[in-house]
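The values are calculated or read from the model by the stated rules, or taken from the named source; none is laboratory data. All values reported here derive from a predicted model rather than from experimental measurement. Cβ: placed from backbone, ideal geometry, glycine included. Neighbour counts: every protein chain shown.
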Amino acid sequence: MSSPQPPDSIEALADTLRREHGVTVNTQQRRRLAWLAARLGTPFVWTGLRPAPEECRLLVVVEPPGRLQLERLDQTLAQDGALVIPCGEDSAYDALKSRLSGFGIVGADGTEGPHQLWWGGHAGRNAKCTIHNAEAPAAMSLREPGTDHGKSRAERLLTLWQACTQAVVWRTQATGGDASVARPLEFDCDFAVRRRTDWQLSPHTLYFGRRPAAEALLLTWTKFCRAFRTVDDMQLLDQAWCLVTSQTALDTLWLPEVDQPVAIQSVKGFAGECVMAVPEWSRPVRPAERTGPPELSMPGVTTTGRCAMAIVRDSQSRGSRALASTVEALAHAFAADPADFCQLEVVLCTTRDDLHAAFSAASVDSVLVVTPAHVVTADIFRKLADESRLCAVVSPPLQVFDLAQSRALRRRAIVRPRADHEDTTGASVSDR
């Protein structure tokens, strides 16, 4: 089923988000917004400056609400409505998410839209949004085998996906005779899955659509399964989902059924094993439906060479808009001049513990550390590449860590602090 084309009103909304709020939404995110607007009505952009209308069915929240505003937003949203957060990777929205039930996420896609769009609503209401289209052609359905065929679940699904022109659904015996899961969702999403109560992905129903993003997820999952055959494949799917969502606009739908939690081992040591390197992040609990680090991953011009990580420390120090602008500035700077780096990973760190964890897990060659209070110049990655092969630029104070040896400090001034009267666009930031 083809995706609805973004109407003029959605293009106007996207332009407003970019110009007035510093948030760029990619093509697939626009399609999801258009899908929601076609069913729920005109979206209301909530900034905290004026209240949303009563029983609003589609809210787009571009500023994290304060403690007193949370209750009001919850009451304003209609029971069958949806709330959209264009910068779902920002931890400042975690409190708002905790009051709602997540329905889906659309991933980041480089400079076209480097943020992860989250949307949800009141608990139990997403079942109404996941009505199957009875007129849509049936998807190819693959049952759990009764005997070991020597191939992983990922490999069998990828083979079937590549051999047909329809969406693919995996069903275990636990799903019984439910034929509805074998039909494409009205959502026209790329990936649909159930979640356990501890946020681990459930193996009972897996849906893969026909867009390239779905294939990217299947390919990445298959590579992980081949490299780590002793690790639970659903944990590998979780890691593959995080990686793909951070670098392509994978449109994910969370199916409403929730399973009970099970113990699944953590995964470490992906780096160097797969085509797309994965840092050694352990995710025992999903933080507010965020993918976790890296929040954005972008390829460079070359396919081989060094990898760079950009850490945005103190990510909440200047507010949500400043953080969004910093992420977009990093994406555009890397796209304009990646130097000899083949890949960039952007990691958001709110606390000192986050920063220490990022350095501990870093499996890249160079690490750039900035705050939302600094200017990200167009040649920043060229300057980083000209430094020692394994280094990190940290500010403030401006220092370099030698990651190859003892990480001793050396003074280096690459990123200059932003003055109170300027930002990357020349606009005033004193009111942020």
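Of all residues in region 69-106 being within 22 Å of Ser317 (Cβ to Cβ) and of a type in the set (A, V, I, L, M, F, W, C), which is farthest from the chain's Cα centre (by Cα)?
Leu70
Somewhere in region 39-55, is a residue farther than 21 Å from Gly319 by Cβ and part of a helix (DSSP H, G or I)?
The answer is yes, given that some residue of region 39-55 is farther than 21 Å from Gly319 by Cβ and part of a helix (DSSP H, G or I).
Here are some residues: Ala249, Ala240, Ala216. Which one is among the hydrophobic types (A, V, I, L, M, F, W, C), surrounded by 22 or more Cβ atoms within 10 Å (Cβ to Cβ) and free of Cβ contacts under 8 Å to residues at least 40 places away in the same chain?
Ala240
Would you say Gln239 is over 26 Å from Gln166 (Cβ atoms) and touching a Phe, Trp or Tyr at 6+ places or on another chain (Cβ under 7 Å)?
Yes.
Going by what's in this entry, would Leu68 be described as out of contact with any helix residue (DSSP H, G or I) (no Cβ under 7 Å at 6 or more places or on another chain) and not assigned by TED's automatic domain parsing to the domain that holds Asp188?
Answer is yes for this residue.
So, restricting to strands (runs of 3 or more DSSP E) that lie completely within region 140-207, which ones have at least 1 residues that are at pLDDT 65 or above and under 24 Å from the mean Cα position of the chain (by Cα)?
In region 140-207, the matching strands (runs of 3 or more DSSP E) lie at 168-171, 191-196.
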